[in-house]
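Everything below concerns the one structure shown next.
Every number here is computed from the coordinates shown, using simple stated rules; none is lab data. This structure is a prediction, so every number in the text was calculated from the model and none was measured. Neighbour counts run over all protein chains shown; Cβ positions are idealised from the backbone, glycine included.
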Amino acid sequence: MLFSTLAEETPGLIVQPYWVLVTIVQFAILYFLLRKFLWTPITRMLTDRAATIREGLDLVASAQRDREEMKREVERLLTEARHEAAALAERSTQAAEAAAALVRAEAKAEADRIRERGRTDAAQLHDQALAQLRAEVAGMVVAAASRILGTEIDPAKHKALIERSLDEAGDELGRSN
């Protein structure tokens, strides 16, 4: 019976204002504590992390821009280096051709000098040989004439006469050739 009286006395769910107020105060304290010690640090950490991620993305974008700029700079430098190498090769080729032309000109000039010196030396040797031949011919003619005549002929006087005759004969031979 005891149970029957209790069951009859409580018709259903009873809301007691004291416990509602305690629950609201507990919820407010829990909310305040969670907000102060959990929500603010988590929010700060998420904000810091988002800022770090944004900085990382900015750094990546900056690095990509720098890489593209460096790539363009490298291409420009390579193109410039290729042009300079081509120009240097052209200048080297021209310098080599100029040096070769200079060497050829010097060799030709040296060959001409040697040829002219050879001609001069040959002309001198020819003239010396002719002078020697004239002297010998004049001596032989004087000796032959003195034998034929049987008297001594002054070689100095006749030598001059013979040389003049040989010169005249040489001029006549030179004109006929």
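A compact table of results
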| read-out | value |
| --- | --- |
| Potential lengthening between D58 and V137 on full extension [0.36 nm per residue; Cα-Cα distance subtracted] | 17.0 nm |
| Value of Rg to Rh for the range 64-123 (Rh from inverse mean 1/r over Cα pairs, i.e. Kirkwood) | 1.62 |
| Computed lengthening from F32 to A160, 0.36 nm per intervening residue step minus Cα-Cα distance | 30.9 nm |
| Rounded to 10°, Cα long-axis angle of helix 155-176 versus longest principal axis of the chain | 60 |
| Span from the the range 79-111 Cα centroid across to the the range 23-67 one, whole angstrom | 72 |
| Under 12 Å from K36, Cα to Cα: aspartates and glutamates that are on another chain or at least 8 residues apart | none |
| Estimated 222 nm signal from helices in the chain, with DSSP H stretches of n ≥ 4 weighted -39500 (n - 2.57), rounded to 500 | -33000 deg cm²/dmol |
| Degrees, to the nearest 10: 17-34 long Cα axis against longest axis of the chain | 10 |
| Nearby aspartates and glutamates by direct alpha-carbon distance to K108 (threshold 18 angstrom, same-chain neighbours under 8 apart not counted) | E97, E116 |
| 5 Å-binned pair-distance histogram of the range 34-87 (Cα, whole percent) | 5, 16, 12, 10, 9, 9, 7, 8, 5, 6, 4, 4, 3, 2, 1, 0 |
| Radius 12 Å from Cβ of T43, net charge of other residues (Lys, Arg +1; Asp, Glu -1) | +3 |
| Among A86, A111, A143 - extreme Cα towards positive end, dipole of the chain, charges at beta-carbon | A86 |
| Per-residue HN-Hα couplings for the range 105-113 [Karplus 6.51, -1.76, 1.60; θ = phi - 60°; Hz; x = Gly/Pro] | 5, 5, 5, 5, 5, 5, 5, 5, 5 |
| Extension reserve of the V103-A51 stretch, reckoned as 0.36 nm per residue once the Cα distance is removed | 11.2 nm |
| Cα-centre dipole for the chain with unit charges at Cβ (Lys and Arg positive, Asp and Glu negative), debye to 20 | 580 |
| The chain - Debye-derived log10 I(q)/I(0), Cα point model, q = 0.10, 0.14, 0.16 Å⁻¹ | -0.87, -1.05, -1.13 |
